[in-house]
1. Does ASN111 qualify as being closer than 21 Å to ILE16 by Cα, assigned to a strand (DSSP E or B), of a type outside the set (Phe, Trp, Tyr) and touching a Lys or Arg at 6+ places or on another chain (Cβ under 6 Å)?
2. Restricting attention to the range 135-152, report how many residues are at pLDDT 95 or above and open to solvent by 10 Å² or more (accessible area, probe 1.4 Å).
3. Check whether at least one residue in the range 66-73 is over 24 Å from ASN227 (Cβ atoms), surrounded by 20 or more Cβ atoms within 10 Å (Cβ to Cβ), of a type outside the set (A, V, I, L, M, F, W, C) and in contact (Cβ under 8 Å) with a residue 12 or more places away in the chain, and report yes or no.
4. Out of PRO178, PRO149, report the one residue that is touching a Gly at 6+ places or on another chain (Cβ under 8 Å) and not in a helix (DSSP H, G or I).
5. Out of curiosity, is PRO185 under 27 Å from ILE252 (Cα atoms) and in contact (Cβ under 8 Å) with a residue 24 or more places away in the chain?
6. Scan the range 222-270 for residues that are among the polar types (S, T, N, Q), within 19 Å of PHE151 (Cα to Cα) and open to solvent by 20 Å² or more (accessible area, probe 1.4 Å) and jot them down.
7. Output the residue which, of all residues in the range 271-297 that are assigned to a helix (DSSP H, G or I) and exposed (fewer than 11 other Cβ atoms within 10 Å of the Cβ), is modelled with the lowest pLDDT.
8. For SER172, all conditions in the list (1) under 17 Å from the mean Cα position of the chain (by Cα); (2) under 28 Å from GLY135 (Cβ atoms) hold save one; what is the number of the exception?
Amino acid sequence: MRNNLFFNHCHTPQSIEYVTRHGSAEKWEGVNHFASPVKILQGLKPGQNAIITVTDHYQTAGKQYYRELVQKVEEKGGEGRLKEKSLELELEDSWVKVMNGVEACYREENNHIILGGLPIEDENKYMFEEKEEFGKAVEKAEYAHPAHPFFGDFGIERETLDEICEIIQNSSTNFFIPYTTAYGPKFDKKARGTEDSERDIYDLNEEFSAPFIVEQDHHIHLPSGMNGVGLIEDSALEKEVPVSEIEEMNIIEPRKSDSLRDLWRIGRTYADLLPGYSTRKWFWRIINTPYSREDYREWRNFYYRKELGDLNMEELRNRSRSLNP
């Protein structure tokens, strides 16, 4: 039975700190990183579960972060179990598995790569210039994939993308191709390369014989009706990093109204990171785009309540399809 939501590529508030610390920008205004495994756990009904890969920018979260998650859940009457590469949290018969990962970069800061299933003890910077050191980092992960590889300024040039894919493919790490569902229908197509690109994720899938994986790039809002989120078999909870279940996952399809709702949410929570933002600030002001951390946190809580408060797993299963038929 598929009672497990899968959120791959999630940013906690630590991403804000890490980009400020390690990035080259003199002034970085992107503060919209607020994924919360504990609040997701609190929002689930008994018997509903989620698997989350935390992938903060450029640095792994560190053991103290996971200890603090355990403490927060224990204060609410639940319990947590820290393992080598993941954390299990349980509250009122709901489970969340948090897998340790990072959004690394290679050669340039915007060449992003997701490394999932890293040791929790490993608290390092993941910014690489040299092929050999990047290859060693890939070997430490259970799975890896380029992040939103065709997404404009946040995409990856063809030669570098090929090099990244070849390094992962030639490693012992499981290699996936990202099926991005983070930014609403128009920008998702750009991230996948199916719009305004001579190459797309289906080309990568064929060229490298690698399966797809869902990619939410979750910062604040949950998608309308959970569209684009993975559904994984219950056996995934028995494994620390359930790679085979990830490969066999389903993806939740959108309803007709979901695309419009997601476009609105993207405008509110991603506007300052989207291409063309600087020339359209007048529009984002009209829809009351938040700019402070307090505003973003409020919107996160609102969308978490809205989407997690009325989850119907049977309906989600009926709306899902295999991502790798």
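The values are calculated or read from the model by the stated rules, or taken from the named source; none is laboratory data. Predicted model, so just to flag it, every value in this text is computed and none were measured. Don't worry about glycine lacking a Cβ; one is built from the backbone with ideal geometry, like all the others, and counts go over all protein chains shown. The protein model used for the area step is the full one, side chains on, heavy atoms only, and it has no ligands, DNA or RNA in it. Shrake-Rupley method; radii C 1.70, N 1.55, O 1.52, S 1.80 Å.
1. Working: closer than 21 Å to ILE16 by Cα: yes; assigned to a strand (DSSP E or B): yes; of a type outside the set (Phe, Trp, Tyr): yes; touching a Lys or Arg at 6+ places or on another chain (Cβ under 6 Å): no.
When the stated conditions are applied, ASN111 does not pass them.
2. Adding up the residues that qualify gives 6.
3. Yes, there is a match, as at least one residue in the range 66-73 is over 24 Å from ASN227 (Cβ atoms), surrounded by 20 or more Cβ atoms within 10 Å (Cβ to Cβ), of a type outside the set (A, V, I, L, M, F, W, C) and in contact (Cβ under 8 Å) with a residue 12 or more places away in the chain.
4. PRO149
5. Working: under 27 Å from ILE252 (Cα atoms): yes; in contact (Cβ under 8 Å) with a residue 24 or more places away in the chain: yes.
So PRO185 fits the description; yes.
6. Taking the range 222-270 first, the residues among the polar types (S, T, N, Q) are 224, 227, 235, 244, 250, 257, 259, 269.
In the following step, the residues that additionally are within 19 Å of PHE151 (Cα to Cα) were identified as 259, 269.
Matches in the range 222-270: SER259 only.
7. Checking each candidate, the answer is SER278.
8. Just one mismatch for SER172, condition (1).
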